[in-house]
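Shown next, in structure tokens, is the structure this report addresses.
The values are calculated or read from the model by the stated rules, or taken from the named source; none is laboratory data. Bear in mind the structure is a predicted one, so any value in this text is a computation, not a measurement. Every residue, glycine as well, gets a Cβ built from its backbone with ideal geometry; the counts of neighbours run over all protein chains shown.
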Amino acid sequence: MKLYITPGSPYARMARIVVLEKGLQSRVGIIVAQTRRADSPYYRINPSGRVPYLIRDDGVGLEESAVICAYLDHLDGNPLFDLPDGDQAWEVRRLEGLARSMLDGLAVWGREILRPPDERSPSVLQHEADRSRRMADLWEVEIDHPLMHGALNMVQLTLACALGLEARNPDLHWRPGHPKLGARFGQIAARPSFVATAPNSQQAAP
């Protein structure tokens, strides 16, 4: 299989982490896609130009990080990241929605600051900065939830990929005033799969 990514995309990072956590390196090749170029050959592979994008063994392509992560998780018939049964499944969905909201907002902010200075929208920058502060306050409370501790799950994975965007955004300061969130992030970020996929300030936009 082929997994198309860009190194700076937090969504692609999620899929890369699942590949590592599941030990699928021998089954999934990682290919860096050229995006945001009018003549990119990648658009013939995936017309939307988005990443991640997984080409299965049968040649069918899958888009959306959640779909790709679930597919990779189920390849061996022993999923690690499935939803629990009963009412707890709704708690996972609730928390995952919050983590995804934070990730989506930070991704928008990150793309905006990579524009030329005269093309950046001050209102978008302010809106996403304000959103990030509100979400960090919320997660300082929600991080005490039992689902945010113990075995790695998709909520933790999504949130950690969002918080890790601090490496690419010098104006993202979620740590001050959020010691519990910082401590839990440190634990997750120390996992080998997160270390191997950590972003840096030089990587291209998602």
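Structural remarks
- Extreme residue, surrounded by the most Cβ atoms within 10 Å (Cβ to Cβ), among residues of the range 20-43 that are hydrophobic (A, V, I, L, M, F, W, C) and either outside the structural domain of Arg56 (by TED's automatic domain parsing) or under 16 Å from Glu63 (Cα atoms) (or both): Ala33
- Residues satisfying the stated conditions in the range 4-44, i.e. among the β-branched types (Val, Ile, Thr), in contact (Cβ under 8 Å) with a residue 40 or more places away in the chain and within 19 Å of Ala66 (Cα to Cα): Ile5, Thr6, Ile17, Val18, Val19, Val28
- Matching residues, the range 65-78, being buried (at least 18 other Cβ atoms within 10 Å of the Cβ) and of a type in the set (D, E, K, R): Asp73
- Checking Gly59 against (1) farther than 19 Å from Asn153 by Cα; (2) buried (at least 18 other Cβ atoms within 10 Å of the Cβ); (3) not basic (Lys, Arg), the condition it does not meet: (2)
- One residue stands out in the range 79-97 among those that are in contact (Cβ under 8 Å) with a residue 60 or more places away in the chain and of a type outside the set (Val, Ile, Thr): the one that is surrounded by the fewest Cβ atoms within 10 Å (Cβ to Cβ), namely Leu80.
- Filtering the range 110-119 to residues that are part of a loop (DSSP other than H, G, I, E, B) and in contact (Cβ under 8 Å) with a residue 60 or more places away in the chain leaves only Leu114.
- Residue match in the range 5-19 (condition: under 19 Å from the mean Cα position of the chain (by Cα) and exposed (fewer than 14 other Cβ atoms within 10 Å of the Cβ)): no
- Residue within the range 110-117 that is more than 26 Å from Ala136 (Cα to Cα), among the charged types (D, E, K, R) and in contact with a helix residue (DSSP H, G or I) (Cβ under 8 Å, 6 or more places away or on another chain) present: no
- Helices (runs of 4 or more DSSP H) wholly inside the range 120-206 that include at least 2 residues being under 19 Å from Val51 (Cβ atoms) and out of contact with any Pro (no Cβ under 7 Å at 6 or more places or on another chain): 154-163, 192-196
- Of the residues contained in the range 134-152, one or more are found to be small (Gly, Ala, Ser) and touching a helix residue (DSSP H, G or I) at 6+ places or on another chain (Cβ under 7 Å).
- Residue match in the range 136-148 (condition: free of Cβ contacts under 8 Å to residues at least 12 places away in the same chain and surrounded by fewer than 17 Cβ atoms within 10 Å (Cβ to Cβ)): yes
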